[in-house]
Amino acid sequence: VMPAGGTEMPTMLSYYAERKLSKHPEEFGTTGAIEGVAGPEAANNAAAAGILVPMLTLGLPTSATAAIMLSAFQSYGIQPGPLLFTGQAELVWTLIASLYIANIMLVVLNLPLVGLWARILKIPQPQLYAGILVFATIGTYGISNSVVDLMLLYGIGIVAMFMRRFDFPTAPVVIGMILGPMAEQAMRQALTISQGEWTTFVTRPVSLCILLLALLGLVGPRLWARAARRG
């Protein structure tokens, strides 16, 4: 129900809620319970629409998918924010209507074709990865006709492969690539207004609170994990 935050927290909350309400909680994590799969998957799909709230109203993507959508909006000269609903109301409500239509079409397609989608899992992973690479290459080169874009595609893909191999999350990297240029532009504007005074970031209450929250989000989990190990 709550917007933003991505899909991780709703999925975890749904799993624990299903386990608490189940008449056989001992099946969770042992023999297997269908509720432990269906509940988190429903929460995962439902949370996908919640990420659009901060993305459309504030221009803040909270997931990799929202970051890609924000990049697509910016490529068409559309800047999400508080004025989006008044300045481009037709676009916003068309997007919201498309979500309803997409959910109806998903039901129509998935129910009769669920057997076909399940057979995709039988495709060997090397062949599946090869097909994905072929389509990604065709799509990238077809858009820009640039070999440099292909080199970037393969380079970023190799880096992402090692990140997945060593259990580094890829979603923050995608979000950082989208928000990085915006943050740099905003920083230059702030320094221009303050005539090059760096202390403006800590003397203003709003920017100081944002920096403190960012510091807390960066250091807090490590301190919590260290305290948990000592406890």
Note to self: Residues to consider are 77, 81, 139; find the one that is modelled with pLDDT under 85, open to solvent by less than 50 Å² (accessible area, probe 1.4 Å), within 26 Å of residue 176 (Cα to Cα) and not aliphatic (A, V, I, L, M).
What the structure shows: 81
Next item on the list: Given the conditions (1) part of a helix (DSSP H, G or I); (2) open to solvent by 60 Å² or more (accessible area, probe 1.4 Å); (3) farther than 18 Å from residue 96 by Cβ, report the number of the one that residue 31 does not fulfil.
Entry: (1)
Check: Given (1) more than 26 Å from residue 7 (Cα to Cα); (2) open to solvent by less than 100 Å² (accessible area, probe 1.4 Å), where does residue 178 come up short, assuming only one miss?
Finding: (1)
Notebook entry, point to check: From the residues in the range 87-136 that are in contact with a helix residue (DSSP H, G or I) (Cβ under 9 Å, 6 or more places away or on another chain) and more than 23 Å from residue 48 (Cα to Cα), which one is surrounded by the fewest Cβ atoms within 10 Å (Cβ to Cβ)?
Noted result: 120
Check: Which of (1) in contact (Cβ under 8 Å) with a residue 40 or more places away in the chain; (2) out of contact with any helix residue (DSSP H, G or I) (no Cβ under 7 Å at 6 or more places or on another chain); (3) of a type outside the set (Asp, Glu) is the odd one out, the single condition residue 162 does not satisfy?
Finding: (1)
Next item on the list: Inspect all residues belonging to the range 173-188 and state whether any of them is among the aliphatic types (A, V, I, L, M), out of contact with any helix residue (DSSP H, G or I) (no Cβ under 8 Å at 6 or more places or on another chain) and at pLDDT 85 or above.
Entry: yes
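Residue by residue, here is whether (1) among the small types (Gly, Ala, Ser); (2) assigned to a helix (DSSP H, G or I); (3) in the same structural domain as residue 59 (by the TED database); (4) touching a residue at least 24 places away in the same chain (Cβ under 8 Å) holds:
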{"residue": "81", "(1), (2), (3), (4)": "yes, no, yes, yes"}
{"residue": "85", "(1), (2), (3), (4)": "no, yes, yes, yes"}
{"residue": "94", "(1), (2), (3), (4)": "no, yes, yes, no"}
{"residue": "100", "(1), (2), (3), (4)": "no, yes, yes, no"}
{"residue": "110", "(1), (2), (3), (4)": "no, yes, yes, no"}
{"residue": "116", "(1), (2), (3), (4)": "no, yes, yes, no"}
{"residue": "134", "(1), (2), (3), (4)": "no, yes, no, no"}
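Let me confirm something: among 148, 202, 174, 159, which residue is among the β-branched types (Val, Ile, Thr), in a helix (DSSP H, G or I) and farther than 27 Å from residue 69 by Cα?
202
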Next item on the list: Sort out which residues of the range 26-58 are within 30 Å of residue 93 (Cβ to Cβ), free of Cβ contacts under 8 Å to residues at least 40 places away in the same chain and of a type outside the set (Ser, Thr, Tyr), and write them in order of number.
Entry: 41, 42, 43, 44, 45, 46, 55, 56, 58
Notebook entry, point to check: What number of residues within the range 187-231 satisfy the criterion of being open to solvent by 60 Å² or more (accessible area, probe 1.4 Å), farther than 25 Å from residue 172 by Cβ and not acidic (Asp, Glu)?
Noted result: 10
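The values are calculated or read from the model by the stated rules, or taken from the named source; none is laboratory data. As the structure is a computational prediction, the values presented were derived from the model and not from experiment. Cβ atoms come from the backbone with ideal geometry, glycine included; neighbour counts cover every protein chain shown. What goes into the accessible areas is simple: the full protein's heavy atoms, side chains included, and nothing from ligands, DNA or RNA. Shrake-Rupley method; radii C 1.70, N 1.55, O 1.52, S 1.80 Å.
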